[in-house]
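Read through the structure below, which is laid out as structure tokens, and then see the notes.
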Amino acid sequence: MSIFDQFSEHLIRRTATHSSRRGIIAKMGKILVGAAVLTPVLPIDRISRYANAASASGKDDPGSCDYWKYCAVDGFLCSCCGGSSHECPPGTEPGNISWIGTCHNDKDGRNYLVSYNDCCGKTPCGHCQCNTNKGDRPGYAMGSHNDINWCMGNSNSTVYNCTVSIIVGVADD
Ligand code: ABN
């Protein structure tokens with residue numbers, strides 16, 4: 001037997017003689033409780049964890065209805081349809097008429113005017129349907145109703161594909 005093996009055996013036997021199973025379990029319990037109490041107060045950088053939590057909630061994700069710019073949207077997000085949050089997908093064109101909303105951006109604490117333009121010329125995209133509808137009024141209040149195919153104002157194609165959200169200005173300056 002090598003010296004290392006002898007030393008290990010000696011150490012293990014000594015530990016076994018001087019400690020009970022219950023004692024070891026009790027010690028492990030103390031360590032676990034201590035770790036649970038101390039970990040939240042240790043000076044660890046948790047910013048990335050909170051950043052992930054924010055994007056998991058969709059607030060930072062242009063492919064999610066929770067994205068701040070989409071507060072008054074009604075339609076399929078062009079960012080899920082081959083375009084982006086502000087660009088129509090290839091083969092479609094923006095409608096001439098738009099719906100305007102005011103959305104609050106948590107990141108800088110400001111309110112922005114957002115224009116919701118329908119993209120026209122292809123069949124409805126069918127992905128990421130969002131109905132956040134802030135400021136929307138029932139259909140009988142035509143001037144404040146957003147559940148409308150704004151492509152109807154186009155001469156080329158009135159077929160609705162998806163909706164883009166374009167920042168047109170700051171609302172509270
Ligand atoms: N403005 C989006 C939309 C398009 C067609 C029908 C309803 C709403």
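The values are calculated or read from the model by the stated rules, or taken from the named source; none is laboratory data. Only a predicted model underlies this, so the values are computations on that prediction, with no experimental measurement involved. Backbone-built Cβ (ideal geometry, glycine too); neighbour counts: all protein chains shown. Only protein heavy atoms, including side chains, enter the accessible area calculation; ligands, DNA and RNA are left aside. Shrake-Rupley method; radii C 1.70, N 1.55, O 1.52, S 1.80 Å.
Being within 16 Å of the ligand (Cβ to nearest atom), open to solvent by less than 30 Å² (accessible area, probe 1.4 Å), touching a Gly at 6+ places or on another chain (Cβ under 6 Å) and under 13 Å from ILE166 (Cα atoms), is that true of even one residue in the stretch 115-133?
Yes, because at least one residue in the stretch 115-133 is within 16 Å of the ligand (Cβ to nearest atom), open to solvent by less than 30 Å² (accessible area, probe 1.4 Å), touching a Gly at 6+ places or on another chain (Cβ under 6 Å) and under 13 Å from ILE166 (Cα atoms).
Could you count how many residues in the stretch 82-114 are closer than 10 Å to CYS162 by Cα and hydrophobic (A, V, I, L, M, F, W, C)?
Qualifying residue count, the stretch 82-114: 1.
Restricting to the stretch 134-152, and then to whatever is within 11 Å of the ligand (Cβ to nearest atom) and not in a loop (DSSP other than H, G, I, E, B), can you tell me which residue is most open to solvent (accessible area, probe 1.4 Å)?
The qualifying residue most open to solvent (accessible area, probe 1.4 Å) is MET152.
Being over 24 Å from CYS120 (Cα atoms) and at pLDDT 65 or above narrows it down to one residue among GLY34, GLY58; which is it?
GLY58
Can you name every residue in the stretch 89-114 that is part of a loop (DSSP other than H, G, I, E, B), more than 13 Å from the ligand (Cβ to nearest atom) and either out of contact with any Phe, Trp or Tyr (no Cβ under 7 Å at 6 or more places or on another chain) or polar (S, T, N, Q) (or both)? Can you show your working first?
Narrowing the stretch 89-114 to residues part of a loop (DSSP other than H, G, I, E, B): 89-92, 106-109.
Now restrict to residues that are more than 13 Å from the ligand (Cβ to nearest atom): 89-91, 106-109.
Matches in the stretch 89-114: PRO89, PRO90, GLY91, LYS107, ASP108, GLY109.
Among CYS71, CYS80, CYS65, which is the only one that is within 16 Å of the ligand (Cβ to nearest atom), modelled with pLDDT of 95 or more and either touching a Pro at 6+ places or on another chain (Cβ under 6 Å) or more than 18 Å from PRO124 (Cβ to Cβ) (or both)?
Details: CYS80 fails: either touching a Pro at 6+ places or on another chain (Cβ under 6 Å) or more than 18 Å from PRO124 (Cβ to Cβ) (or both); CYS65 fails: either touching a Pro at 6+ places or on another chain (Cβ under 6 Å) or more than 18 Å from PRO124 (Cβ to Cβ) (or both).
Residue meeting the stated conditions: CYS71.
Of all residues in the stretch 57-84, count the ones that are among the hydroxyl-bearing types (Ser, Thr, Tyr) and crowded, with 18+ Cβ neighbours inside 10 Å. Steps first, please.
Within the stretch 57-84, the first condition is being among the hydroxyl-bearing types (Ser, Thr, Tyr), and the residues that meet it are 57, 64, 67, 70, 79, 84.
So of that shortlist, the ones also crowded, with 18+ Cβ neighbours inside 10 Å come out as 64, 67, 70, 79.
Of the residues in that region, 4 qualify.
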